[in-house]
Structure formats: structure tokens, C-alpha cells
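Inspection log for the structure reproduced underneath, given as C-alpha cells.
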Amino acid sequence: MARIPNTQSAAAFDGTDLINTVLTEEANRIGQDIYSRTLHTSPWIDLIKQTAFADGMGYTQTTLIYDRAIPHTAADAEGVTWNDMGNALGANSFTNTLGQGLKDSAEYVGGAGGFTAGTDEIANVAFAKQLKQYSIQRTIIESPRLSTEDLRFAAHRTEQLRAIMDRMTEATRYTWENRYRDEFERLAGNLVLCETTGTTIKSDTIDSGDGGTTADENFEGLSIASGTASTSVNVENTTNASETANVSESMANISNAIMDKIYYNLVRKGAGNNAYGRENGRPVFAAVMSSEASYQLQTEAGFRDDVRYNNAKVSDLIAPLGVEKSFRGFYHLIDDLAPRFTIAADGTATRVLPYVVASGQLTTVNTAYDTASYEAAYVLHPEVMESQIPNPFTGGSGVSFDPVNYRGKFSWTNNRDNVSNPDGTLGYFRGILASASKPIKTDCGFVILFKRDSSTPAA
């Protein structure tokens with residue numbers, strides 16, 4: 001009498017378990033490929049420092065930031081007061097040595113307690129500090145449902161699986177790149193609106209929901225176009241030509257004059273101590289911009305020889321990104337998906353994405369991205385922020401969980417369901433991404449907004 005195989009044997013017999021095994025192995029390969037294929041492809045992925053998000057401390061954590069400090073006198077004047085350690089010898093009597101101070105004697109001790117700051121040797125150093133909060137966020141990426149039956153009989157199955165793996169890798173890279181760029185823009189403490197004249201570095205701006213024209217809100221925490229009025233910058237009201245000229249009239253193209261202002265501002269803030277490189281004793285910072293913006297700076301009239309005669313070696317951290325030389329104190333790191341915007345007459349900026357999704361499936365190049373007039377560039381510094389990613393957690397105290405990798409490592413998921421998946425022949429790739437952006441020295445981060453189609457360099 002023939003023996004009827006059980007469900008598990010039948011599944012193995014029809015090849016479903018074999019296909020599931022293959023897909024599970026492919027999921028592991030996706031995780032490895034995501035790391036290898038995204039490394040050295042984007043400055044955002046390479047240069048944003050990554051650390052672990054602390055377990056057992058809640059979803060929201062705080063960091064204590066100490067601002068720079070220099071000595072000052074009681075009158076709040078920078079610096080210190082230098083006084084003689086002994087009394088003037090000319091005031092002494094050479095016939096009587098009683099009750100008088102003698103130069104170089106130990107009678108007078110400079111710097112002793114009780115003196116008044118600013119009038120004696122004492123100067124004060126005040127430590128300004130602030131607490132900043134940051135929270136963890138996550139997103140989930142899933143592939144379309146795949147049929148193991150279709151894959152079992154499909155021609156060129158290996159090629160199809162490889163194509164699926166490539167698309168999932170690309171999706172993860174694109175997601176992380178946008179995450180780091182958006183978070184850097186949100187945390188950066190300085191906004192530079194490139195104008196035809198009078199361009200300044202702004203730490204205070206006007207958000208779109210303010211309704212006023214007074215720059216009374218820190219740029220840190222705002223974005224050029226975040227989608228909400230209360231967290232977006234009002235570009236029109238924040239320009240120096242506020243209420244006297246339209247944005248399209250006052251804004252100009254990126255220029256080396258503006259980059260010079262940013263460079264010297266960074267140096268005076270002490271950012272050169274941990275720059276991405278040094279040349280001729282001077283720090284070299286990193287500027288992330290599109291190919292067009294880099295070309296605009298390097299071909300600006302009067303500055304072309306700066307590239308021609310620069311033979312300095314690029315730092316080891318920057319070299320893997322393909323950068324061969326610096327230009328006027330900056331490494332130009334190319335981001336050809338740099339954010340572009342349209343700006344309405346009321347100063348509201350709208351992000352124009354480089355790709356659009358049609359019918360929920362087809363991803364095509366957005367032609368509006370090529371015609372958008374405004375673009376953003378960024379000056380990075382390694383101490384502006386950290387991206388903290390949770391470590392996998394497997395449980396404790398006798399309770400165990402499946403470990404979750406929060407870096408976007410995909411796992412093959414095949415959940416049986418009596419209605420939608422009774423035979424266990426439908427599955428999908430699923431990846432979880434989570435991170436928290438820890439603010440540190442945010443005043444070393446710069447966002448530059450310029451009019452890319454203007455023929456006038458900003459000044």
C-alpha cells in the first residue's frame with residue numbers, strides 16, 4: 001500500500017522548500033551586497049559617523065553640549081589682564097626696608113583669591129552648555145509578493161533573483177542617503193542664502209508658519225522644505241532683501257566668495273582641529289554639492305588656476321570617494337541627487353525629487369528636477385552629528401526574540417495564511433531601517449541655498 005506523504009514531505013517534493021531556501025540565501029547575500037555596494041558611493045553614507053543607539057534608555061535621549069569658552073574680565077571684555085608680579089622698585093626707599101614691597105621678593109603673591117576680576121590677574125572662564133534631545137525613528141521596506149511556484153518554473157531564475165537583489169540594494173542605498181542628507185540639513189546650525197549682494201551666514205531665520213518678518217528662530221531644527229509650515233524656512237522673509245525684492249530677483253548662484261566666507265567662519269569656530277584634511281598647514285573641509293555646482297565654482301572667472309596648480313595629496317578618508325584634489329579649502333564631494341526646489345512668491349520652498357513613481361510601480365526620471373531653479377549644497381564636518389543605529393536584540397530573562405537588523409538587511413518572509421497564502425507559496429523580502437540623529441557641534445554645519453540658473457555669482 002502506497003504511503004501518503006505528509007505536508008512537509010509534499011512541500012519538499014514539489015520544490016517549495018527548495019525555493020524558500022534559495023530565497024533565504026539570497027536575502028543574506030543582499031545584506032552583504034548592501035554594505036559592499038553602498039560603500040564609497042556617496043559622501044553621505046561614507047562620512048556620517050555611525051554609532052550604536054543605547055539600549056534601555058528609552059526612545060528619546062539627551063546629549064550635553066559644551067560651547068566654546070575663552071577667558072574674560074568682569075566687564076565681559078575678552079581676554080585677560082596682565083599685571084606686574086611685584087611692586088615698582090622706584091617707589092621703594094633704599095634706606096628703610098621695613099614695611100615695603102621689594103621687587104622679586106615673596107611678599108606679594110599674584111593670583112591669590114579675593115582679587116577683583118578685571119582689576120588684578122584674575123579672569124573668568126564661563127562654561128555655556130545646553131541639553132539637546134534626539135529620538136529614534138524607523139521605516140520598513142518590503143518587496144512585492146513573490147510566488148515560489150513562478151520562480152520554480154521560471155526561465156533564467158538566477159538572473160531574476162539577481163535583478164531583484166539589485167533593486168533592493170538600490171532602494172536601501174537611496175533611503176539611507178536621503179535620511180542622512182535630510183537629518184544633516186535639519187540639524188545644521190547655519191543657513192546661507194546666496195544673494196546678489198550682502199550675503200550673510202544666518203543662524204536665526206523665519207519659519208513659514210511665523211507670519212512675521214523677524215528672524216527670531218534658530219535654523220537648527222528647520223529645513224528648507226520639510227512639508228510643514230512650522231518647520232520650514234520662509235526664504236523670502238529670511239533674505240537680506242526681505243520685502244524689497246522678490247526671491248527670484250535677490251537670489252544668485254553659488255560663488256567662491258561665499259565659500260570663502262564659510263571657510264573663515266569655520267576656522268574661527270575651531271572647526272579646523274578636526275577637518276577632513278590639511279594642506280600647507282591649513283584645514284580642508286568637505287563640501288557636498290552637485291556636479292553643476294562644483295563646475296560653477298571651479299570655472300568662475302579669476303579662480304581657475306586654483307585647480308590647475310594644486311598637487312596636494314587628498315586625505316585617506318576622502319580618497320575612496322574618488323576625490324583627487326581640493327579647491328580653495330574644500331574637497332568637492334559630488335551628490336548628483338542634490339536637493340532642488342521651487343520657491344513661491346511668499347517664500348515657501350517645495351522640494352522637487354529626481355524621480356517620480358507612476359502607477360505605484362514604475363520609477364522614472366523627473367524632468368521637473370532638471371528645470372528647478374534652486375539647489376542646496378552642504379558643508380560637512382565630522383562633529384556636527386552622529387547616526388545611532390540600534391544593535392540587534394535577542395531578548396533576556398528567559399524570553400527570546402528573533403534578532404532584527406536595523407541597517408536594512410533584508411530577510412525572506414513566508415507567512416502561511418488560511419486565506420491569502422494557504423500553501424506557503426507567497427513570500428517577500430523585508431528590511432527594517434532605524435536610526436537616531438545625535439546633535440553635537442551643530443554650529444559647524446552649513447546649508448547653502450542658491451539659484452543654479454543665475455548668471456550672477458553671489459556676493
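General remarks:
- Residues of the range 156-182 satisfying the condition of being surrounded by fewer than 16 Cβ atoms within 10 Å (Cβ to Cβ), hydroxyl-bearing (Ser, Thr, Tyr) and modelled with pLDDT under 85: Thr158
- Figure legend. Inter-residue proximity from the range 196-208: first residues over 15 Å from Asp346 (Cα atoms), second residues β-branched (Val, Ile, Thr) and part of a loop (DSSP other than H, G, I, E, B), beta-carbon distance below 8 Å, spacing 6+ or different chains. Indicated pairs: Thr196/Thr456.
- Test: residue in the range 199-220 that is modelled with pLDDT of 90 or more, buried (at least 22 other Cβ atoms within 10 Å of the Cβ) and either farther than 28 Å from Ser326 by Cβ or among the aromatic types (Phe, Trp, Tyr) (or both): yes
- Flag for Val284 being crowded, with 18+ Cβ neighbours inside 10 Å, in the same structural domain as Glu375 (by TED's automatic domain parsing) and among the hydrophobic types (A, V, I, L, M, F, W, C): yes
- Unique residue being closer than 21 Å to Ser232 by Cα and in contact (Cβ under 8 Å) with a residue 12 or more places away in the chain when the list is Phe450, Phe410, Phe393: Phe450
- Scanning the range 311-328 for residues that are assigned to a loop (DSSP other than H, G, I, E, B) and not hydroxyl-bearing (Ser, Thr, Tyr) turns up Asn311, Ala312, Lys313, Val314, Asp316, Leu317, Ile318, Gly322, Val323, Glu324, Lys325, Arg328.
To keep it simple, each residue is scored yes or no on (1) closer than 24 Å to Ala372 by Cβ; (2) surrounded by fewer than 20 Cβ atoms within 10 Å (Cβ to Cβ).
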{"site": "Ala319", "(1), (2)": "no, yes"}
{"site": "Gly322", "(1), (2)": "no, yes"}
{"site": "Lys325", "(1), (2)": "no, yes"}
{"site": "Asp346", "(1), (2)": "yes, yes"}
{"site": "Ala349", "(1), (2)": "yes, no"}
{"site": "Val356", "(1), (2)": "yes, yes"}
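- Answer residue from the range 403-428, given it is touching a Leu at 6+ places or on another chain (Cβ under 8 Å) and of a type in the set (A, V, I, L, M, F, W, C) and is surrounded by the fewest Cβ atoms within 10 Å (Cβ to Cβ) among those: Leu426
- Within the range 231-267, restricting attention to residues that are in a helix (DSSP H, G or I), touching a Leu at 6+ places or on another chain (Cβ under 9 Å) and at pLDDT 95 or above, the residue that is farthest from Thr205 (Cα to Cα) is Asn256.
The values are calculated or read from the model by the stated rules, or taken from the named source; none is laboratory data. The structure presented is a predicted model; accordingly, all values stated were derived computationally and were not measured. Counting neighbours? That spans all protein chains shown, and the Cβs are built from the backbone with ideal geometry, glycine included.
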